[in-house]
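The structure under discussion appears below in the form of structure tokens.
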């Protein structure tokens, strides 16, 4: 493990709600609302952050470091303000559900067959 100002990096799995989120310059831009995981692959999907501009979804590649004291991002406050609001948990579940994915694949295959005609 590496240290940054005496803090060890931690797993996203133990990241707590309310942890400060810092931009690339070390300026606090909000707090952790929720951690999103791609559970089948045990990977961080991103973090929902409460900011003064409202909730924002920060995608995993923009998360530089997670410690017990803060999450540091690879982007600045202006870029965070331009990020989208997070999807609801239910919308995310529906999008990722097996039934929905199968229905989309079925619909795509029907469109391909129709286009070939």
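The values are calculated or read from the model by the stated rules, or taken from the named source; none is laboratory data. Note that the structure is a prediction, hence the values are computed from the model and not measured. Neighbour counts are summed over all protein chains in view; Cβ atoms, including those assigned to glycine, are modelled from backbone coordinates with ideal geometry.
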Residue check, residue 84 loosely packed, with under 13 Cβ neighbours inside 10 Å and either touching a strand residue (DSSP E or B) at 6+ places or on another chain (Cβ under 8 Å) or at pLDDT 95 or above (or both): yes
So residue 66, is it touching a residue at least 40 places away in the same chain (Cβ under 8 Å), surrounded by 15 or more Cβ atoms within 10 Å (Cβ to Cβ), assigned by TED's automatic domain parsing to the domain that holds residue 13 and part of a loop (DSSP other than H, G, I, E, B): no
Members of the stretch 17-63 found to be free of Cβ contacts under 8 Å to residues at least 24 places away in the same chain and outside any strand (DSSP E or B), listed by number: 17, 18, 39, 40, 41, 42, 52, 60, 61, 62
